[in-house]
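Have a look at the structure below, then the notes.
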Amino acid sequence: MKKILILLICLLPIIIFTACDDKDDIRKDIDDLNARLDALEDDLVDLNTGIKSFQDAMKGLVLITDYSMDEKGNYTLTLSDGKKLVIYSGQPAGEIPILGVNDAGNWTYTLNGETKELTDKDGNPCPAVPVDGKDGKTPTISIDSDGYWCYTIEGGEVQRIEGRYNIANIEKIPGGIFSSVTVEGNNMTFGFADGSTTIPLLGGLNLAFSNVSGELTSVTVAKASSITITATSTNVDNIIIDQTPLKVNLTDAASDNLTISAKGVAAGEYTVYFQIFSKEGYRLIKPLKVTVSE
């Protein structure tokens, strides 16, 4: 009996220390989770602000008035409501839920290579744009107390995103909701995991130059001669042509309305700048390169 008692007494410190180690591990896990959630909070605010701003641009409630690109290929968009929207050149590595808009105009998320529609608790899809007179809905991305990705549709019930890899990772949170962005002419195309959406800059404000051969960015005119092409305006309320040695005349005709004369101008390279304004007062500068040949 004494031997058994001695053995139990000897084991008691081990049991106590093991229990303490378990509690310490649990406490550390909780602290790590709380620290991770705190660190993610600011990123989630930026992410959800980006979702709302992009949806407003799709619906035409705000316009993309300007943009700039840094050395890493990331874009910063200026919106007509004064907000800035940062679009990163690509998503970080790892399995994270990436939002998108499918061909039906509904919000989707892609996780672990599988794309699903965001739905409310009744299974109804979440439209990104107005459909049948009903306004689009804005999803909000969040992380629950257990560290899982979740979403809410305009104040509705919080729903956990499905999937085996739905635990949020602070190193893998997306910088934005886009996988890519490209600018071509007066349009910006936003790429998602399952498609893309194109939004015209300044609500489509544009001035395009063309002739029978197609769209032009430059023309050639012989010295002491002139050339006539077509300038097509979209959502343009007023046009100002910057001073130039060339003689430039633009009329309201539907075609063959832009004449450029090189009379009295030396041979060389010139650029004519057209300042176009929308009725809201937004300005876009459209250049046309002109080569004056001998």
**Asked** Within the bounds of the stretch 47-57, is there any residue that is assigned to a loop (DSSP other than H, G, I, E, B) and modelled with pLDDT of 75 or more?
**Response** no
**Message:** Which residue is modelled with the lowest pLDDT, if the candidates are limited to the stretch 201-227 and must be β-branched (Val, Ile, Thr) and surrounded by fewer than 14 Cβ atoms within 10 Å (Cβ to Cβ)?
**Reply:** Val212
**Asked** In the stretch 93-135, which residue that is farther than 21 Å from Leu44 by Cβ, at pLDDT below 80 and touching a Lys or Arg at 6+ places or on another chain (Cβ under 9 Å) is surrounded by the most Cβ atoms within 10 Å (Cβ to Cβ)?
**Response** Val129
**Request:** Kindly provide the set of residues from the stretch 259-294 that are among the charged types (D, E, K, R) and surrounded by 13 or more Cβ atoms within 10 Å (Cβ to Cβ), ordered by number.
**Result:** Glu280, Arg283, Lys286, Lys289
**Prompt:** Which condition breaks for Met188 when tested against (1) aliphatic (A, V, I, L, M); (2) under 26 Å from the mean Cα position of the chain (by Cα); (3) not in a strand (DSSP E or B)?
**Reply:** (3)
**Request:** Considering each of Thr234, Thr244, Thr198 in turn, give the residue that is assigned by TED's automatic domain parsing to the domain that holds Pro287, farther than 30 Å from Ala266 by Cβ and either surrounded by fewer than 16 Cβ atoms within 10 Å (Cβ to Cβ) or more than 27 Å from the chain's Cα centre (by Cα) (or both).
**Result:** Thr234
**Fill in**
the stretch 220-282: strands (runs of 3 or more DSSP E) wholly inside it with 3 or more residues that are without any contact (Cβ under 8 Å) to a residue 60 or more places away in the chain and among the small types (Gly, Ala, Ser) are 226-234
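The values are calculated or read from the model by the stated rules, or taken from the named source; none is laboratory data. This structure is a prediction, so every number in the text was calculated from the model and none was measured. A quick note on method: Cβ atoms are made from the backbone with ideal geometry, for glycine too, and the neighbour counts reach across all protein chains shown.
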